[in-house]
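Trainee: One structure, pasted below without further comment.
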Amino acid sequence: MCGIAGVFEYRRRAAVDEAALVRMRETLRHRGPDGEGLFISPDRMVGLGHRRLAIVDPAGGAQPMVGPTGQVLVFNGEIYNYPTLRRELEADGICFRTRCDSEVILRLYERDGEGCVDRLNGMFAFAIWDPDPRKLFFARDGIGEKPFYWTDLGGTFLFGSEIKAILADQRVRREVNEEAIAPYLVNLVTPSPETLFRGIWKLAPGHCGSCSPDGVSVRRYWDPFQPRRARPDSLQTSVAGVRRLLTESVHARLMADVPVGVLLSGGVDSTGIVAMLGARAKGVATFSVGFEGSSEIDERAIARTVADHYGTDHHEVVVTESAAMRSLTKLVHHQDEPLADPVCVPLMFVCELARATGVPVVMAGEGADELFWGYPRYRQIMAREQWLRALLALPSPLRRAAPSLVPASWHPRLRDLLEGIARGRPYPMHMPLGLTSRQVDQLIRVRLRRSDGWTHNSTPNGDPIATLGWDTQEYEFGLRLPELLLMRIDRFSMAHGVEARVPFLDPGLVDYAYRIPFEQKLLGDESKRVLKLALAGLVPRWVLERPKQGFGAPVDRWFQSGFEDLLRRLMDSEAMGTYFDIGRMEGGYRDRRLGRNRLRFSLWFILNFALWHRQWIEGESTEELIERSITASARR
């Protein structure tokens with residue numbers, strides 16, 4: 001795992017500034033504390049920088065890596081099928097100088113060109129400079145585990161693993177992408193390909209691109225969403241397939257020349273990963289996090305029980321409110337743009353614990369809930385299937401009248417659902433993640449309102465409930481999972497020089513499980529049905545039958561003290577008044593009809609934006625403001 005950055009002066013307007021390239025690279029030092037590298041082409045039109053976290057072949061995997069025919073690679077990630085690809089390439093007469101997966105990408109590109117991305121199984125973001133056609137080729141893995149950001153300054157192409165690398169170039173202006181504010185508030189993140197920085201783009205999952213003297217072009221190379229139909233397998237066949245593919249995925253992700261641990265919550269997903277290790281689970285390092293005074297969301301006790309059951313070497317960290325507040329400056333620094341999920345806080349602390357314990361690689365359970373329908377909202381919506389069918393079958397005039405029966409101030413989420421029914425196609429089950437469309441309209445200035453950041457990209461399936469199911473999976477894997485959940489674990493693992501691997505998102509497993517019939521994933525009140533059956537006999541029943549407890553943070557309690565004070569201080573600025581209707585926001589905070597728990601959770605999105613704006617746009621420190629709020633809270 002590493003950090004990559006680069007410059008291509010593709011219109012030859014200037015030569016690469018080595019000092020500027022080094023500044024870009026060094027913003028990513030946390031992603032690669034074990035080594036550094038730099039390449040500048042002889043004509044000084046191309047510069048590539050690399051920071052290395054040495055996981056595989058520590059002695060031989062230095063980058064940028066130059067191939068025998070002149071191509072140059074910078075790569076962030078892991079390729080799990082690289083041994084198979086290496087043997088194939090060696091059979092073609094290709095000789096290798098190292099044991100690392102980086103060289104396999106480079107040599108595969110030499111043979112297959114841009115088609116190399118179709119053969120890679122892993123998490124990756126990379127760029128290859130090809131001097132013969134004078135082209136910079138870049139790609140992001142199909143699931144979106146690793147990030148790739150870029151901008152075009154009208155002849156200068158800049159890229160990096162994080163936005164801060166691009167901002168290190170003094171030619172890049174720090175401006176708010178105002179059209180992305182509403183989508184951010186709805187989705188808790190800016191949907192690709194945009195970011196909250198105007199003119200800076202994120203490469204979408206499953207996309208690759210190239211920059212040449214002709215300009216920049218981007219294309220999709222992998223599409224998990226088509227076809228939108230279920231595989232006609234029996235439940236028994238699906239269970240066997242999931243168990244085989246998950247076992248293979250977990251063991252492939254043990255590939256490392258350093259210790260590998262597991263982030264353990266005690267739920268089905270993380271326990272399943274430990275269980276799949278078999279005899280290797282004994283003594284493996286596991287890590288859990290909890291919150292002081294918040295037993296209702298603290299899973300350390302069950303995680304400890306699971307660790308004892310499998311004999312792991314277990315470690316815990318407890319997060320206090322003041323520690324959470326003091327972490328906000330670091331949190332905003334590593335996010336680059338807001339990832340408005342409070343889970344970012346515990347992730348930061350538990351990954352710091354892993355690194356302090358001497359474990360630079362961890363496996364995590366991200367993706368299982370999306371792949372196997374594990375969230376409560378899926379059950380809540382599908383429990384009302386007959387009600388939904390009846391409403392969707394109404395004549396259009398009656399459907400269009402339905403939203404007016406529910407005042408938005410009374411139940412904004414139900415109102416959003418009814419408005420989707422009025423259109424004949426409800427939003428995906430997890431949308432909105434944040435504020436509803438009407439709440440956004442009330443909160444932000446009218447000139448900022450554009451869209452919700454997600455549109456139906458596929459035609460309906462005929463049956464409206466099947467359409468809702470496929471739309472939900474497309475939203476999860478096209479936006480929520482890659483741009484929010486995977487970016488939060490990427491940022492806060494890499495913030496501490498830790499590589500996080502997610503076995504549930506192996507492309508082969510995703511391709512298989514994505515099209516398992518919905519009723520095999522969710523049957524009545526039982527979620528993750530096929531996964532639980534696949535883990536039966538490996539995971540104890542007391543884990544499989546335990547009610548789901550989401551991984552979260554005590555946001556409601558936080559906003560009863562110091563966090564509320566901090567938000568008020570941040571919003572008391574001219575800058576925030578240009579984006580938000582401050583009076584409406586404060587009025588809504590006092591309105592109990594909206595539900596104080598939900599509203600305080602919503603305030604987390606605003607707090608993240610305000611902190612981001614102050615630190616990244618205004619260029620002012622947040623530390624003094626945070627300390628004032630901590631002091632004010634302590635006096636209460």
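Trainee: Condition test on Val74, is it closer than 16 Å to Arg501 by Cα and not in a helix (DSSP H, G or I)?
Mentor: Here the answer is no, as Val74 does not meet what is asked.
Trainee: Within the range 26-49, work out how many residues are crowded, with 21+ Cβ neighbours inside 10 Å, at pLDDT 95 or above, within 22 Å of the chain's Cα centre (by Cα) and of a type outside the set (A, V, I, L, M, F, W, C).
Mentor: Number satisfying all stated conditions: 2.
Trainee: Can you pull out every residue in the range 1-21 that is in contact with a strand residue (DSSP E or B) (Cβ under 7 Å, 6 or more places away or on another chain) and in a loop (DSSP other than H, G, I, E, B)?
Mentor: Within the range 1-21, Met1, Tyr10, Val16 qualify.
Trainee: Here's something else I'd like to know. Failed condition for Phe124, given (1) touching a Ser or Thr at 6+ places or on another chain (Cβ under 8 Å); (2) outside any loop (DSSP other than H, G, I, E, B); (3) surrounded by fewer than 24 Cβ atoms within 10 Å (Cβ to Cβ), with all others met?
Mentor: Exception for Phe124: condition (1).
Trainee: Hey, another quick one. Do you know which residues across the range 57-85 are of a type outside the set (S, T, N, Q) and buried (at least 20 other Cβ atoms within 10 Å of the Cβ)?
Mentor: Gly61, Pro64, Met65, Val72, Leu73, Val74, Phe75, Gly77, Glu78, Ile79, Tyr80, Tyr82 - these are the residues of the range 57-85 that are of a type outside the set (S, T, N, Q) and buried (at least 20 other Cβ atoms within 10 Å of the Cβ).
Trainee: I'd like to check something: does the range 32-54 contain any residue that is farther than 19 Å from Asp132 by Cβ and of a type in the set (Val, Ile, Thr)?
Mentor: No: the range 32-54 contains no residue that is farther than 19 Å from Asp132 by Cβ and of a type in the set (Val, Ile, Thr).
Trainee: Would a scan of the range 253-272 turn up a residue that is of a type outside the set (Lys, Arg), more than 27 Å from Arg119 (Cα to Cα) and without any contact (Cβ under 8 Å) to a residue 40 or more places away in the chain?
Mentor: There is no residue in the range 253-272 that is of a type outside the set (Lys, Arg), more than 27 Å from Arg119 (Cα to Cα) and without any contact (Cβ under 8 Å) to a residue 40 or more places away in the chain.
Trainee: If the requirement is being out of contact with any Lys or Arg (no Cβ under 7 Å at 6 or more places or on another chain) and farther than 28 Å from Leu505 by Cβ, which of these qualifies: Gly154, Gly113?
Mentor: Just a single option satisfies the conditions, and that option is Gly154.
Trainee: Only one of these is in a helix (DSSP H, G or I) and not basic (Lys, Arg): Leu394, Leu339, Leu353. Name it.
Mentor: Leu353
Trainee: Next up: Just for the range 79-99: of the residues that are charged (D, E, K, R) and outside any loop (DSSP other than H, G, I, E, B), which one is nearest to the chain's Cα centre (by Cα)?
Mentor: Arg86
Trainee: I've got another one for you. Could you check the range 131-159 and list, in sequence order, the residues that are touching a Gly at 6+ places or on another chain (Cβ under 9 Å), outside any strand (DSSP E or B) and β-branched (Val, Ile, Thr)?
Mentor: Ile143
Trainee: Out of everything in the range 400-412 that is in a helix (DSSP H, G or I) and buried (at least 17 other Cβ atoms within 10 Å of the Cβ), what residue ends up being farthest from the chain's Cα centre (by Cα)?
Mentor: That would be Pro403.
Trainee: I've got another one for you. Mind telling me which of the residues Gly241, Gly266, Gly261 ends up being within 30 Å of Arg541 (Cα to Cα), more than 19 Å from the chain's Cα centre (by Cα) and assigned to a helix (DSSP H, G or I)?
Mentor: Just a single option satisfies the conditions, and that option is Gly241.
Trainee: Being in contact (Cβ under 8 Å) with a residue 60 or more places away in the chain, more than 28 Å from the chain's Cα centre (by Cα) and either farther than 22 Å from Leu544 by Cα or crowded, with 19+ Cβ neighbours inside 10 Å (or both) is the filter here, so list the residues in the range 279-315 that pass it.
Mentor: Gly293
Trainee: Looking at this structure, is Arg231 within 23 Å of the chain's Cα centre (by Cα) and over 30 Å from Arg280 (Cβ atoms)?
Mentor: no
Trainee: Are any of the residues in the range 357-372 surrounded by fewer than 18 Cβ atoms within 10 Å (Cβ to Cβ), assigned by TED's automatic domain parsing to the domain that holds Leu246 and either of a type outside the set (Asp, Glu) or out of contact with any strand residue (DSSP E or B) (no Cβ under 6 Å at 6 or more places or on another chain) (or both)?
Mentor: Yes - at least one qualifying residue is present in the range 357-372.
Trainee: Within the range 316-324, identify whether any single residue is more than 30 Å from Gly562 (Cα to Cα), modelled with pLDDT of 95 or more, β-branched (Val, Ile, Thr) and surrounded by fewer than 21 Cβ atoms within 10 Å (Cβ to Cβ), and answer yes or no.
Mentor: Checking the range 316-324: not a single residue is more than 30 Å from Gly562 (Cα to Cα), modelled with pLDDT of 95 or more, β-branched (Val, Ile, Thr) and surrounded by fewer than 21 Cβ atoms within 10 Å (Cβ to Cβ).
Trainee: So which residues in the range 498-535 are touching a helix residue (DSSP H, G or I) at 6+ places or on another chain (Cβ under 7 Å), over 17 Å from Leu485 (Cβ atoms) and not in a helix (DSSP H, G or I), if there are any at all?
Mentor: Result: Ile516, Leu522, Leu523, Asp525, Ser527.
Trainee: Find all pairs meeting these conditions: Cβ atoms under 6 angstrom apart; at least six residues apart or on different chains; first residue within the range 25-37 and outside the structural domain of His496 (by TED's automatic domain parsing) and touching a residue at least 40 places away in the same chain (Cβ under 8 Å); second residue among the aliphatic types (A, V, I, L, M) and part of a helix (DSSP H, G or I).
Mentor: Thr27/Ala165; Leu28/Ala165; Arg31/Met494
Trainee: Hey, another quick one. Just checking, which of Ile181, Ile166, Ile128, Ile143 is of a type in the set (Val, Ile, Thr), in the same structural domain as Gly215 (by TED's automatic domain parsing) and under 18 Å from the mean Cα position of the chain (by Cα)?
Mentor: Only one candidate qualifies: Ile143.
Trainee: Which count do you get for residues in the range 554-569 that are in contact with a Phe, Trp or Tyr (Cβ under 9 Å, 6 or more places away or on another chain) and not β-branched (Val, Ile, Thr)?
Mentor: Of the residues in the range 554-569, 8 are in contact with a Phe, Trp or Tyr (Cβ under 9 Å, 6 or more places away or on another chain) and not β-branched (Val, Ile, Thr).
The values are calculated or read from the model by the stated rules, or taken from the named source; none is laboratory data. Quick caveat, the model's predicted, so the values are computed rather than measured. Note: ideal-geometry Cβ built from the backbone for every residue, glycine included; neighbour counts use all protein chains shown.
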